[in-house]
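In what follows, a structure is listed as structure tokens, so that the remarks can point back to it.
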Amino acid sequence: MTAIRRLTLQNVRSYAALDQRFDGRSVVLTGPNGSGKTNLLEAISLLSPGRGLRSARLSDVRRQGADGFGVGVSLGTDADPDETRLSIRSAPPRPERREARVDGQPASGPGAFLDHVAMSWLTPAQDRLFVEGASERRRFLDRMTLTQDRAHAQASAAYEHAMRQRNAALTGPRSPDPRLLTVLETQMAESGVAVAAARRATAAALARGYEGLREGAFPGAEVALEGFLEEGLAIRAASDVEAEFQERLANGRRRDAEAGRALTGPHRSDLHVTHTDKAQPARLCSTGEQKALLIGLVLAGAAARRDQADVPLILLLDEVAAHLDQHRRAALSDILEQLGCQAFLTGTDAELFDAWGARAQAFAVSEGTLTERG
Ligand SMILES: Nc1ncnc2c1ncn2[C@@H]1O[C@H](COP(=O)(O)OP(=O)(O)OP(=O)(O)O)[C@@H](O)[C@H]1O
Ligand SMILES: [Mg+2]
């Protein structure tokens, strides 16, 4: 199985230097508060598009006092543990830029890594996902969509780029050139419909993913998308939705100029999750139920993409076991095994991972060093 076989860190948060090999099984990291468990997961997450699992600035990721940092992973199999080497580096004079490399050759940003690895994660910061604003839920949905459809990265970037240029044109000191606005709005409509279509495909994939999961341990969820484009695509042809979006943008120029941003589009969409067994919206569910729903969604996402096994999916599950009772911990271990995904799991106590036994490689983390547990 292709998995992360080696991780190297230079000056990443609490890690001055780390060079750790893994044997391809899942990895369990345990250690006291502040020992560096989440930092390690975050470092891996920086090899996917975006700001990683803490949404942090690169200057915060860099170890205090250092002027740059580096993260590298080798992906491979038992036969060839160093098949592919992915790395990022941030260094002066552009410390907020990630310089990405694949097998030592410059690559155009971490988007290029999507051909080699997909990542999904859950952290305690997402515990309030269902009760807070739409933006975090949208981020969660888009990350899930990236694991199902690599082209989602390009469509999202193209949309954001055109939208930023339109915002700048509308709010600039000179009155905007209407021809330029039309070009940008055409780009927004085209890429926006692609973004919404990919999200819809993901919602459908999740429903299929649930069918592949062992029943019972994690609640089923129904995922509905709220958004002008997503809802439009459910009942109309994509070309019609695209034309309508473009018209809305053209008619909304004055309003958007006053607001300083585009008031409609897929950057405003939301994700509604329903706990199917209870027929209740996720936001009304208990804390533990919400956590179980989130885990279920991540697992369903992993199950839905099993036919894309050419690109391995890595799951980063920060402090997930602590929320689960013994029965659910055992179920999680079984499902991960069944999915064939390498997971990186953290927790303060090693006993939380008894159900994994020999299925995972276990390490004690202490002040930036890893020691394999015998
Ligand atoms: N940029 C940085 N440079 C140096 N140290 C940092 C930096 N950012 C965070 N740290 C330190 O990293 C340490 C470990 O953090 P981390 O979140 O990985 O711990 P953890 O093992 O996940 O703990 P917990 O069990 O509490 O979640 C913290 O003590 C923090 O102060
Ligand atoms: Mg932590």
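Go through the range 22-44 and report how many residues are part of a loop (DSSP other than H, G, I, E, B) and more than 9 Å from ligand 2 (Cβ to nearest atom).
Result for the range 22-44: 6.
It is to be established whether one or more residues within the range 345-368 are under 17 Å from the mean Cα position of the chain (by Cα), within 16 Å of ligand 1 (Cβ to nearest atom) and closer than 22 Å to D142 by Cβ.
Checked the range 345-368: no residue is under 17 Å from the mean Cα position of the chain (by Cα), within 16 Å of ligand 1 (Cβ to nearest atom) and closer than 22 Å to D142 by Cβ.
Return only the number of the condition from (1) of a type outside the set (D, E, K, R); (2) at pLDDT 95 or above; (3) open to solvent by 10 Å² or more (accessible area, probe 1.4 Å) that A207 does not satisfy.
Just one mismatch for A207, condition (2).
Test V61 against the criterion of being in contact with a helix residue (DSSP H, G or I) (Cβ under 9 Å, 6 or more places away or on another chain), surrounded by 19 or more Cβ atoms within 10 Å (Cβ to Cβ) and closer than 30 Å to R138 by Cβ, and give yes or no.
Considered against the rule, which asks whether it is in contact with a helix residue (DSSP H, G or I) (Cβ under 9 Å, 6 or more places away or on another chain), surrounded by 19 or more Cβ atoms within 10 Å (Cβ to Cβ) and closer than 30 Å to R138 by Cβ, V61 comes out as yes.
From L53, L114, which residue is within 16 Å of ligand 2 (Cβ to nearest atom) and either open to solvent by 30 Å² or more (accessible area, probe 1.4 Å) or of a type outside the set (F, W, Y) (or both)?
After ruling out the rest, the residue left standing is L53.
Condition check: crowded, with 17+ Cβ neighbours inside 10 Å and either aliphatic (A, V, I, L, M) or touching a Leu at 6+ places or on another chain (Cβ under 7 Å) (or both). Does A125 satisfy that?
no
Would you please list the contacts, defined by Cβ atoms under 6 Å and residues six or more apart or on different chains, that run from a residue in the range 6-18 that is over 20 Å from R57 (Cβ atoms) to a residue that is within 12 Å of ligand 1 (Cβ to nearest atom) and open to solvent by less than 50 Å² (accessible area, probe 1.4 Å)?
L18/L9
Would you pick out the residues in the range 326-374 that are closer than 15 Å to A292 by Cβ and out of contact with any helix residue (DSSP H, G or I) (no Cβ under 9 Å at 6 or more places or on another chain)?
Across the range 326-374, the qualifying residue is only H327.
Given the conditions (1) of a type in the set (S, T, Y); (2) surrounded by fewer than 17 Cβ atoms within 10 Å (Cβ to Cβ); (3) at pLDDT 95 or above, and given that S35 satisfies all but one, which numbered condition is not satisfied?
Failing condition for S35: (2).
So, in the range 218-238, how many residues would count as being part of a helix (DSSP H, G or I) and either open to solvent by less than 40 Å² (accessible area, probe 1.4 Å) or not charged (D, E, K, R) (or both)?
Summing the residues that are part of a helix (DSSP H, G or I) and either open to solvent by less than 40 Å² (accessible area, probe 1.4 Å) or not charged (D, E, K, R) (or both) in the range 218-238 gives 8.
Name the residue, out of V241, V273, V223, that is of a type in the set (V, I, T) and in contact with a Pro (Cβ under 9 Å, 6 or more places away or on another chain).
V273
Is it fair to say A355 is part of a helix (DSSP H, G or I), touching a Phe, Trp or Tyr at 6+ places or on another chain (Cβ under 8 Å) and open to solvent by less than 50 Å² (accessible area, probe 1.4 Å)?
no
Kindly indicate which of V320, V241, V311 is farther than 23 Å from A360 by Cβ, open to solvent by less than 30 Å² (accessible area, probe 1.4 Å) and β-branched (V, I, T).
Only one candidate passes the filter, namely V241.
Search the range 244-263 for residues being open to solvent by less than 30 Å² (accessible area, probe 1.4 Å) and assigned to a loop (DSSP other than H, G, I, E, B), and hand back the single one that is farthest from T171 (Cα to Cα).
Filtering first and then ranking leaves G252.
Per-residue answers, yes or no, for (1) of a type in the set (F, W, Y); (2) closer than 14 Å to R25 by Cα; (3) at pLDDT below 95:
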site: R306; (1), (2), (3): no, no, yes
site: L315; (1), (2), (3): no, yes, no
site: E319; (1), (2), (3): no, no, no
site: D325; (1), (2), (3): no, no, yes
site: R328; (1), (2), (3): no, no, yes
site: E337; (1), (2), (3): no, yes, yes
site: F344; (1), (2), (3): yes, yes, no
site: D354; (1), (2), (3): no, no, no
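How about the range 269-301: which of its residues are hydrophobic (A, V, I, L, M, F, W, C) and either in contact with a helix residue (DSSP H, G or I) (Cβ under 6 Å, 6 or more places away or on another chain) or part of a strand (DSSP E or B) (or both)?
Those that are hydrophobic (A, V, I, L, M, F, W, C) and either in contact with a helix residue (DSSP H, G or I) (Cβ under 6 Å, 6 or more places away or on another chain) or part of a strand (DSSP E or B) (or both): L271, V273, A282, L293, L299, A300.
The values are calculated or read from the model by the stated rules, or taken from the named source; none is laboratory data. Predicted model, so just to flag it, every value in this text is computed and none were measured. All Cβ positions, glycine included, derive from the backbone under ideal geometry; neighbour counts span all protein chains shown. Ligands, DNA and RNA are excluded from the accessible area calculation, which covers all protein heavy atoms including side chains. Shrake-Rupley method; radii C 1.70, N 1.55, O 1.52, S 1.80 Å.
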